[in-house]
Amino acid sequence: MKDFLKLQEDSTLRAEELLPEAGINKKREISRLIFEICKRDGLEPKQILSGEKIKNFEQAKKSLLALRYPLSFSKAPASSYYLPKLDLQALPDAEIKQEEFYPKNLFIEKEVLNSPLAKRALDLFPKAKLTVLEKKTFCGSPNYSKRKENLVIIKENFDFIKPCPCTKNCFCCGYNLVNLGFGCAYECSYCFLQQYQNLHAVVLPANIEDFLSKIDGAKLRKGPFPHIRIGSGEFTDSLLFDHITEYSSAIVKFFKGRPEYFEFKTKSANIGNLLKLEALPNIVIGWSVNPQNIISSAEPLTQPLKNRLAAAAKAARHGYKTAFHFDPVIIHENWRENYLKVIEEIKNTVPAESIAWISIGTLRFSRELKKCIESRFKDNKILDGEFLLDFDGKMRYPKTLRKEVYQTLGPALKKAFPQTYVYLCMEEADLQI
Ligand code: SF4
């Protein structure tokens, strides 16, 4: 791996060399731009602006922005470039180890010590050190990368079901979320949890029945899909821990004969419990999909595409509905061919009549997450793309590029799956397909 700490240091030195008189904040912006250009293009900082006579900060920044943002420069407002202090040492590196989830520490709230989930966890992880919690208290790791060492079983008291928060000024697809779990064992480099999760542990509620009982009477959102849609998987993968939680069993039983659709969103192939149950027409298993090159580089530890699709085919044959989420779409060399190939692979593997819906959404993230990603995944490629602060304060690809993605994938999906509801996720209304 390239020495990115050295590149950070050399970029700082180059900024100093180019603008010795500039203030600290100006030098920080310049060194970040130099770093990002060198990282993306495989250059050395001394090569940057080597032939130019630099008069002042404004001129240097303009030249660097043009190099760093060739598509957006001259079109995007100055406020859309986000150039925070470069600090690759801010966080420990992500730990990419393919190993079975086996926590070292098991924290169980006293109130749910006798719950079926607590008993299963004690059976499955006999070597874990047990701590019984009298009340809610901090029991995670100070390091996000060590979260898998701690499994916390709680009684959830408040956060049961809510409409998807979506993002302001976006077309709303009408979705509702039950937060069954907080914390994931996968390590997607774009995952918002690395910046958002404040308890570095895997937290699982033992009182699934309370989540389900709150559905009646909840103010649920309804979108263009003919039925109310509810799903889990906002703060963790819906099925990754299902062999421990067995939530799927309670959920399938609860939704029998109900008018709503329930979706499990996953990057796993952990459908064993679901296959033991009678499938229902309103239970959907949704897979997030990406080309295998993106899965290998940006979604380490998740199941390869072919395993996800094989699980989808098996679930469909069993009688479940399936769904696919082209989300996040990551623009890279040959993205068109690669994503169109994924559509082809789904078409060749999964019965089209089982597919309830397909969503598309390009990569977007909060500005704070950018710093987490570059520090935890120093060799990431995703941040080499052009991301600007956009209409909702998130960092997004330029609108013209996003439009190109939707106009490529939208029609291809509608052609391949004419009976399926295809929609954009968290996107501006005028980009709808
Ligand atoms: S599967 Fe989802 S929750 Fe888990 S690391 Fe990846 S993005 Fe995050």
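The values are calculated or read from the model by the stated rules, or taken from the named source; none is laboratory data. Computed from a prediction, not measured in an experiment: that's the story for all the values here. Every residue, glycine among them, receives a Cβ derived from its backbone with ideal geometry; neighbour counts consider all protein chains shown. Heads up: the accessible areas ignore ligands, DNA and RNA and are worked out on the full protein's heavy atoms, side chains in. Shrake-Rupley method; radii C 1.70, N 1.55, O 1.52, S 1.80 Å.
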Being among the charged types (D, E, K, R), within 17 Å of LEU212 (Cα to Cα) and in contact (Cβ under 8 Å) with a residue 12 or more places away in the chain narrows ARG258, ARG317 down to just ARG258
Scanning the range 68-78 residue by residue, those modelled with pLDDT of 95 or more, open to solvent by 80 Å² or more (accessible area, probe 1.4 Å) and not in a loop (DSSP other than H, G, I, E, B) turn out to be none
Apart from one, (1) touching a residue at least 24 places away in the same chain (Cβ under 8 Å); (2) within 16 Å of the ligand (Cβ to nearest atom); (3) in the same structural domain as LYS378 (by TED's automatic domain parsing) all hold for SER296; the odd one out is (1)
Flagged in the range 175-217 as hydrophobic (A, V, I, L, M, F, W, C), away from the ligand (no atom under 13 Å from the Cβ) and open to solvent by 30 Å² or more (accessible area, probe 1.4 Å), in numbering order, are LEU199
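Pick out the one residue from LEU301, LEU369, LEU363 that is within 16 Å of the ligand (Cβ to nearest atom) and at positive phi. Break it down into steps so the answer makes sense when it comes.
Details: LEU369 fails: at positive phi; LEU363 fails: at positive phi.
After ruling out the rest, the residue left standing is LEU301.
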Would you confirm whether any residue within the range 1-17 is touching a residue at least 24 places away in the same chain (Cβ under 8 Å), within 26 Å of HIS332 (Cβ to Cβ) and aromatic (Phe, Trp, Tyr)? yes
Conditions (1) within 15 Å of the ligand (Cβ to nearest atom); (2) in contact (Cβ under 8 Å) with a residue 24 or more places away in the chain -> LYS168 fails only (1)
Item to complete: With the condition kept exactly as written, say whether any residue in the range 39-49 is in contact with a Phe, Trp or Tyr (Cβ under 9 Å, 6 or more places away or on another chain) and either open to solvent by less than 80 Å² (accessible area, probe 1.4 Å) or outside any helix (DSSP H, G or I) (or both).
Response: yes
Restricted to the range 218-253 and to residues being touching a Ser or Thr at 6+ places or on another chain (Cβ under 8 Å) and among the hydroxyl-bearing types (Ser, Thr, Tyr), the residue surrounded by the most Cβ atoms within 10 Å (Cβ to Cβ) is SER238
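Restricting to the range 358-387, name every residue that is of a type in the set (A, V, I, L, M) and farther than 27 Å from GLY286 by Cα.
none
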Per the list (1) within 13 Å of the ligand (Cβ to nearest atom); (2) open to solvent by less than 20 Å² (accessible area, probe 1.4 Å), residue check on LEU151 breaks on (1)
Of the candidates GLU111, GLU99, the one satisfying the condition of being closer than 19 Å to THR266 by Cα, of a type in the set (D, E, K, R) and open to solvent by 60 Å² or more (accessible area, probe 1.4 Å) is GLU99
Original post:
Of the residues that make up the range 155-165, is at least one touching a Phe, Trp or Tyr at 6+ places or on another chain (Cβ under 7 Å), within 16 Å of the ligand (Cβ to nearest atom), closer than 26 Å to ASN207 by Cα and at pLDDT 90 or above?
Top reply: no
Checked the range 254-268 for anything within 16 Å of the ligand (Cβ to nearest atom) and open to solvent by 40 Å² or more (accessible area, probe 1.4 Å); matches are LYS265
